[in-house]
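What follows draws every value from the coordinates through simple rules; no lab data is involved. None of these values were measured; they are calculated from a predicted model. Please note: Cβ atoms are built from the backbone with ideal geometry, for glycine as well, and neighbour counts cover all protein chains shown.
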Amino acid sequence: MQTEQSQKTWSANKIVGLFDHAILQPTYTDDEMQQRLTALRRFPVASVCIKPYFVATAAKALAGSGIPVGTVIGFPHGSALPEIKAAEAEAAVRDGANDVDMVINVGKALSGDWDYLRNDTRVVLEVTRRHDGVIKVLFETDFITADPVKIRLCEICAELNVDFVKTSTGYGFVKRLTVPITMLAPPSTMWY
């Protein structure tokens, strides 16, 4: 028979396991990042997103935990050239990342340069797929506020069959959800 405390712990672990956890604060030292990785073994999250240079260390630290390691590509503003983003993704998977969180080029989205954005996403997607990884595309909705732009970005991601889209890196200025969930997943593709 489970005690009330063990039921609460189980529930907390189950809930925490639904979320990605980011360890990206620019001021974190290696020791601070290692401490946070160690703490995740108590509350296993869906994945952890770590600074790119720390991926190999994180993969070793979390080996056997069931927590996938991910990192950011084109972070935080998405302005890197597509071939640089592809090289970042290649280095990340080489070092042990399963997930890549790619930031789109915000200026290109605001300009409506859909071909550029499709290619930008495609090159990172190709690297990720070659290594059976997961790609998450971040829109930066703190800066992209027009619904038609967000909808077009969702359509491009759906066309390319990316795994997830995210609203923001958290490094913008609005700090609030600005995309209705129904916009991110059209009703025909939503899971119930």
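For Ala22, nonlocal amide neighbours, meaning residues 5 or more places apart or on other chains whose placed amide H falls under 5 Å from its own, are Cys49.
Within a Cβ distance under 14 Å of Tyr116, other residues only, what is the Lys/Arg minus Asp/Glu net charge?
+1
Taking amide H as placed 1.01 Å from N in the peptide plane, Leu138 has its amide H under 5 Å from the amide H of Met102, Val103, Ile104, Lys166, each at least 5 places away in sequence or on another chain. Phi angles across the stretch 51-66 convert, under the Karplus curve 6.51 cos²θ - 1.76 cosθ + 1.60 with θ = phi - 60°, into 3J(HN,Hα) values of 4, x, 5, 9, 4, 4, 5, 5, 4, 5, 5, 9, 3, x, 7, x Hz, Gly and Pro given as x.
Backbone geometry of the stretch 26-38 corresponds, through the Karplus equation with coefficients 6.51, -1.76 and 1.60 at θ = phi - 60°, to 3J(HN,Hα) couplings of x, 8, 5, 7, 4, 4, 5, 5, 4, 4, 5, 5, 4 Hz, x marking Gly and Pro.
Just rank Lys85, Lys51, fewest to most, by other beta-carbon atoms within 10 angstrom.
The fewest-first ordering by Cβ neighbours comes to Lys51, Lys85.
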